[in-house]
Amino acid sequence: QKNEDKALAPKPKKRQAVDTGPLKPGTAVQFVKGVGPKTAQAFAFRNIDTLEDLLRFLPRRYENRQTGAKTAELEDGASATIEGEVITKDFRRMRGRRTLDVVIGDDTGHLYLKWFRVPGGTFIDRFKKGTIIQASGSVARYRGKMQIVHPETKVLEAATPSVSQEHDGTIIPGYLEVEGVRPATLRSIIERVLPVSQSMDDKLPVVLKERHQFEALGECLWNLHQ
C-alpha cells in the first residue's frame, strides 16, 4: 500500500535551470547590478557578503498589499495598505535632523505618514498636493491620530481620486531592515539574483529527499522569497 501511495503521490515540479551568466552562489553582492560598494557595506552589517548569504536572508513575514481598505477602518498595530490623496507635506527639525510629515486622505478620514530619515534624490517630489499615493506599513495610533512611520509608498496617479484605477493585491515578502537599503530595493535585488538559487549546493542526502519528497534547496529558497 505504501509503495502504491508513493507512486500516486504528485512529484514536485522542477524549476528549469536559468543561465545566470557570471553570477554564482559565491559571487560577492557588490557585483550585482544596482548594488555597488555602499550598498554592499550595508549588507555586510547583516553578514551578507555573497549571493548565497543574500538568498539565505529569508523573509520574516509576508504582507498582503491588497488595496481597498479605508482610513476609518485602520486598526492600531495592524499592517495595512492605503490609497489616498496627498493633502499636506511639511518638514520639521528634530534633534538636528530634518523629518518629513505627509498627510493623505480618502473619503473616510486622514492618515499621517512620518519619516525620521528622509530618503534623498527625488523621493520627496512624489508628494505633491493632489497626487494619489499608495502607502504600506504598520499602523500606530499617536496622539489620537493613525500614522505609519517610514511607510513604503508608490505614486498611483497625479490627478484627482475621482479617476478610477484598478490595483491588484500582491503578497510581499518582508525582511529585517538593512540600514540604508529601501525595502523595495532589497526585494528587487533579491529577485534579480533568485536564479542563482538553482545552482546552490544542496547538502541533504538524495535518499532522504526521495524518502520524504523534499524539494531541492534552490526550489525552496525560490518559493520562500516569492
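The values are calculated or read from the model by the stated rules, or taken from the named source; none is laboratory data. Source: prediction; values computed, not measured. Using ideal geometry, Cβ is built from the backbone for each residue, glycine included, and neighbour counts are taken over all protein chains shown. SASA here: full protein model, heavy atoms, side chains in, ligands and nucleic acids out. Shrake-Rupley method; radii C 1.70, N 1.55, O 1.52, S 1.80 Å.
Tabulated data for the structure shown
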{"quantity": "Peptides 97-106, 203-212 ordered by average Cβ neighbours within 10 Å, highest first", "calculated": "97-106, 203-212"}
{"quantity": "Distance violations [Cα-Cα > 26 Å] among LYS33/LYS128; LYS24/LYS203; LYS38/LYS154; LYS70/LYS145", "calculated": "LYS33/LYS128"}
{"quantity": "Estimated distance in nm for a label pair at THR185 and ARG95, the labels positioned 7 Å out from Cα along Cα-to-Cβ", "calculated": "2.2 nm"}
{"quantity": "Fraction of accessible area attributable to carbon and sulfur, the stretch 31-113 (%, probe 1.4 Å)", "calculated": "45 percent"}
{"quantity": "Nearest-10 value in Å² for the accessible area of HIS110, using the 1.4 Å probe", "calculated": "100 Å²"}
